[in-house]
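Below is one structure, written out as structure tokens; comments come after it.
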Amino acid sequence: MFYVAVELRRNPKLRGLPVVVGGDGARGVVAAASYEARRFGVFSAMSSAQAKRLCPQAIFLPGDHELYSDVSAEVFEIFHTVTPLVEGLSLDEAFLDVTGARRLLGDGVKIGEEIRTRVKEKTELTCSVGVAPNKFLAKLASVVAKPRASREGVKPGYGVFEVLAGKELEFLHPLAVESLWGVGPVTLEKLSALSIKTVGDLAKFDRKILMNVLGESLGQHLFDLSQGIDERVVEPDRDAKSIGHEETFSTDIKDFDVAHDQLLRLADAVSARCRSAGVGARTISLKLKFSDFRVITRAASVEFPVTTSQAMMRLIEPLLRDVDISAGVRLLGISARNLVAPEMQLSLFGESTESSTANELDEAWSSTTSAVDDIRHKFGDASIKPASSLNNKRKPGASKWGPSDLDQK
């Protein structure tokens with residue numbers, strides 16, 4: 001809903017209408033839907049084709065991930081005015097440990113209301129807050145705090161909903177068992193076979209049998225959650241594990257040169273994000289999804305972290321050449337992983353390898369790349385880009401959820 005809320009802030013005329021953020025083409029996916037669209041059964045992760053069948057009048061917006069990231073940063077700055085203990089889950093979700101703020105701001109509910117007020121005043125957005133003794137219950141409480149959409153209309157939410165200490169099981173046990181973290185379609189099917197439909201059913205079930213059916217780790221995990229047990233603490237400032245971009249294309253890519261040019265465009269964006277974050281990558285991953293939805297990934301690693309698209313592509317090119325794409329590729333992606341602080345390396349290598357060449361390229365292009373970053377900072381990202389992508393108007397990350405059928409790039 002966060003993406004839709006940002007779009008409605010940008011275009012208030014869309015308020016009250018069924019708005020969907022996502023790819024509007026045959027290969028598109030719904031990223032977010034307004035409550036007016038949810039009334040018709042449209043939800044995130046649904047194919048856009050199905051969403052259109054359910055709600056033909058839906059207004060599709062391609063999405064703007066850069067804008068959403070900027071607004072998210074504003075919201076997280078507000079969170080940090082309340083407590084330094086902020087653990088981000090996504091652009092629009094975070095856990096806050098407000099134990100130290102209670103003396104100044106009051107109890108959990110008062111702090112939740114204060115957060116909502118600050119977010120509204122500074123960003124014009126609303127947010128839902130769950131208050132509980134632990135992270136798991138707070139997450140469930142935040143869901144209850146949200147508005148509810150049905151065929152009859154949109155019912156306002158609580159805004160702030162609290163699960164009181166001592167009342168955890170009273171709140172938890174009536175919920176459907178799929179509310180628990182870790183219960184996906186496969187696990188749900190196994191639990192249904194045991195006649196477990198609610199969290200309360202699971203809480204009363206024999207733990208040993210549960211562990212035999214689901215496996216020791218998952219069985220113990222779900223049993224603990226059914227008792228309201230979650231010992232995890234809020235972990236602030238978690239480092240990003242990877243930085244990447246991937247895109248779905250309107251028509252399958254079967255030619256190496258076309259795939260190469262698209263990957264160069266993505267590598268340019270990934271490397272820029274790495275430099276902006278002050279990190280380099282020791283591992284670069286390639287992802288391809290074929291027309292039959294088969295997915296493969298390949299990766300290459302280097303001793304010294306790389307930060308330029310030239311170095312990343314030196315690692316990606318042989319990985320791409322080793323894959324037969326003649327059957328057609330619908331999605332390409334690049335990810336930078338094993339992120340560490342950039343470090344200088346000597347240009348003294350023994351036998352020439354892809355790894356050594358990548359590091360040499362990274363060093364050779366570092367000053368040029370720095371100049372490119374300065375130009376983009378002053379004149380915008382579109383002011384300078386790889387020659388092979390001059391005719392490509394798709395901005396990496398602008399829409400992660402599939403292209404328009406009119407977009408042939």
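Taking 31 Å as the cut-off for C-alpha to C-alpha distance, list the pairs among Lys52/Lys155; Lys155/Lys208; Lys52/Lys146 that go past it. Display every interim value, and only then the final one.
Details: Lys52/Lys155 23 Å; Lys155/Lys208 42 Å; Lys52/Lys146 24 Å.
Listed pairs above 31 Å: Lys155/Lys208.
Take the chain, connect every pair of alpha-carbon atoms lying under 10 Å apart with a spring to form a Gaussian network, then pick out the residue of Val295, Val29, Val119 with the largest mean-square fluctuation.
Val295
Which one, [x] 162; [y] 186; [z] 200, gives volume of the Cα convex hull per residue in Å³ as derived from the coordinates shown?
Checked against the structure: label [y].
Could you size up the charge dipole of the stretch 242-389 around its Cα centre, putting +1 on the beta carbon of Lys and Arg and -1 on that of Asp and Glu, and report it in debye to the nearest 20?
Numbers: 16 positive and 21 negative charges, 100 e Å.
Result for the stretch 242-389 is approximately 480 debye, rounded to the nearest 20.
Counting just the Cα atoms, what span does the stretch 2-63 cover along each of its three principal axes? Round to the nearest Å and put the largest first.
27, 20, 16
Looking at the stretch 242-389, I'd like the Rg to Rh ratio, where Rg is from alpha-carbon atoms and Rh is Kirkwood's inverse mean 1/r.
Value, to two decimals: 0.97.
Go ahead and set up a Gaussian network model of the chain, Cα springs under 10 Å, then flag whichever of Gly88, Gly166, Gly130 fluctuates most.
Gly166
Express the relative contact order of the chain as a whole percentage, based on alpha carbon pairs under 8 Å and six or more residues apart in sequence.
Result for the chain is 17 percent.
For a quick size check, give me the Cα extents of the stretch 129-254 along its three principal axes, largest first, whole Å.
Largest first, the stretch 129-254 extends 54, 40, 40 Å along its Cα principal axes.
If you bin the C-alpha pair distances of the stretch 194-272 every 10 Å from 0, what whole percents do you get?
All Cα pairs, binned at 10 Å, distribute as 14, 25, 13, 17, 24, 8 percent.
Give me the mean projected area, in nm² to one decimal, of the convex hull enclosing the Cα positions of the stretch 37-181.
10.3
Considering amide H positions built from the backbone, and no H for Pro or chain starts, which residues 5 or more places from Lys254, or on another chain, come under 5 Å of its amide H?
Under 5 Å from the amide H of Lys254: Val329.
Starting from the exponent 0.38 and prefactor 2.2 Å, build the expected Rg for the stretch 168-226 from its residue count and divide its actual Cα Rg by it. Spell out each step's value before the answer.
Numbers: Rg = 10.0 Å, N = 59, 2.2 N^0.38 = 10.4 Å.
In units of the globular-protein estimate, the stretch 168-226 measures up at 0.97.
For the chain, what does the helix formula give at 222 nm: sum of -39500 (n - 2.57) over DSSP H segments with n ≥ 4, over the residue count, nearest 500 deg cm²/dmol?
-12500 deg cm²/dmol
What's the magnitude of the charge dipole for the stretch 168-226 around its Cα centre, counting Lys and Arg as +1 and Asp and Glu as -1 at the beta-carbon? Answer in Debye, nearest 20.
Dipole size: approximately 180 debye.
Is there a quick way to get the dipole size of the chain? I mean about its Cα centre, with the Cβ of Lys and Arg at +1 and of Asp and Glu at -1; what is the value in debye to the nearest 20?
1460
Of the candidates Leu315, Leu105, Leu214, which one comes out as most mobile in a Gaussian network treatment of the chain with C-alpha springs shorter than 10 Å?
Leu214
Every number here is computed from the coordinates shown, using simple stated rules; none is lab data. Given the structure is predicted, the values throughout are model-derived calculations rather than measurements. We place every Cβ from the backbone using ideal geometry, glycine too, and count neighbours over all the protein chains shown.
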